[in-house]
Amino acid sequence: MPSPHLLTLHNLPADEIRAILREAIAFRALAASGSLAPRLAGRTVGTLFFENSTRTRTSFSIAALRLGAEVIDLPVAGSSHAKGETLTDTARTVEALGVDALVVRASQSGAVEMIARRVGCAVLNAGDGRHEHPTQGLLDALTLADAMGRAETLDLSGLHVAIVGDVVSSRVARSNVFGLTALGATVTLVGPPALAPPSLGALAQRVRVEHDFDAVLPHADTVMMLRVQFERHGDAMRMASPAFASLREFRAACGLSSERAQRMKPGAVVMHPGPVNRGLELDGEVADSDRSLILKQVANGVPVRMASLVRCLSGAAAAAT
Ligand code: NCD
């Protein structure tokens, strides 16, 4: 019986990724024609976010509501977690209140998996520390497949994706590495050595690490920029870390400026999971250009999370076909 949780894209078979994406495409069409059935009527989905979120939490909520579920957004700031209760105790308390699925975001890598082992309901990882953000990886794969005319096959073979910037901090990068390579793409992780250490090349097959963005840029079909995650480098980071000795240097080495964007391959697209530090890793003009898929990524979050919730709540991958 497949896991009722969605914690990682690592080792998720390509067939299963494709089944979830196909279900997302079907939900997208049904929503557009106004004929979405309330597949999750009578179910309750709780969102438990120990870290900030705009897109992810909202799109999980919209996805659940559109499928007829009830949604409870648990206010962590005002909860007993703030009084010292452990993450697991908070999650088990919420489960005891009667939720069928918990969507959890936490700042510690591995925390969501730990919660999944301790509760009886389905758990969906909405981002754990620097580890993974599986639904973001799925929605990025779908957005890329749409943009490249591959939505029919969901086969990304022959496509070269550059994932650029603060890779070491990024759960989005890791989930994308697993998801995109499973579907056949080649991934180059790009950044200065402190932010893109060579060891990340061992994450999967068809992944390599490069430090020279300008050498990679003209060959990429997709340039996925990452937010510089100041919060994950500690308070001292801004001043002390060699990686950030100068934000101007960072921008010069691996920011996607308007000038640099002109050297992209014809037809190549720009992605970013948001939120964007405009003018640092990505110029506003590029973020708002025709090449940018940023708002399409956000929009695809809803059907992908519908498909993910249905997969987990029906407890079987077969439901996603
Ligand atoms: C990302 C996250 O929280 O991991 N954002 C998102 O979910 N869309 C990336 C980030 O915070 O930079």
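The values are calculated or read from the model by the stated rules, or taken from the named source; none is laboratory data. Since we're looking at a predicted model, the values are computed, not measured. Cβ atoms come from the backbone with ideal geometry, glycine included; neighbour counts cover every protein chain shown. Calculation scope for accessible area: heavy atoms of the full protein, side chains included, ligands and nucleic acids excluded. Shrake-Rupley method; radii C 1.70, N 1.55, O 1.52, S 1.80 Å.
Output yes when any residue across segment 38-55 is without any contact (Cβ under 8 Å) to a residue 60 or more places away in the chain, within 25 Å of the chain's Cα centre (by Cα), away from the ligand (no atom under 16 Å from the Cβ) and buried (at least 16 other Cβ atoms within 10 Å of the Cβ), and no when none is.
Within segment 38-55, one or more residues are without any contact (Cβ under 8 Å) to a residue 60 or more places away in the chain, within 25 Å of the chain's Cα centre (by Cα), away from the ligand (no atom under 16 Å from the Cβ) and buried (at least 16 other Cβ atoms within 10 Å of the Cβ).
Is it fair to say residue 68 is modelled with pLDDT of 95 or more and more than 16 Å from the ligand (Cβ to nearest atom)? Can you show your working first?
On the way: modelled with pLDDT of 95 or more: yes; more than 16 Å from the ligand (Cβ to nearest atom): yes.
It is true that residue 68 is modelled with pLDDT of 95 or more and more than 16 Å from the ligand (Cβ to nearest atom).
It is to be established whether one or more residues within segment 273-292 are among the polar types (S, T, N, Q), away from the ligand (no atom under 16 Å from the Cβ) and at pLDDT below 95.
Within segment 273-292, the subset among the polar types (S, T, N, Q) is 277, 289, 292.
This time we only want the ones that are away from the ligand (no atom under 16 Å from the Cβ), so: 289.
Now drop any that are not at pLDDT below 95, which leaves none.
There is no residue in segment 273-292 that is among the polar types (S, T, N, Q), away from the ligand (no atom under 16 Å from the Cβ) and at pLDDT below 95.
Just checking, which of 122, 63 is touching a residue at least 60 places away in the same chain (Cβ under 8 Å), among the small types (Gly, Ala, Ser) and under 29 Å from residue 225 (Cα atoms)?
Details: 122 fails: under 29 Å from residue 225 (Cα atoms).
Going through 122, 63 in turn, just one is touching a residue at least 60 places away in the same chain (Cβ under 8 Å), among the small types (Gly, Ala, Ser) and under 29 Å from residue 225 (Cα atoms): 63.
Name, by its number, the condition in (1) open to solvent by 10 Å² or more (accessible area, probe 1.4 Å); (2) within 12 Å of the ligand (Cβ to nearest atom) that does not hold for residue 146.
It fails just one condition, (2).
Matching residues to (1) more than 25 Å from the chain's Cα centre (by Cα); (2) aliphatic (A, V, I, L, M); (3) open to solvent by 70 Å² or more (accessible area, probe 1.4 Å):
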| position | (1), (2), (3) |
| --- | --- |
| 72 | no, yes, yes |
| 79 | yes, no, no |
| 91 | no, yes, no |
| 101 | no, yes, no |
| 112 | no, yes, no |
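Condition (residue is of a type in the set (Asp, Glu) and surrounded by fewer than 18 Cβ atoms within 10 Å (Cβ to Cβ)) applied to segment 275-282: is it met by at least one residue?
No, segment 275-282 has no match at all.
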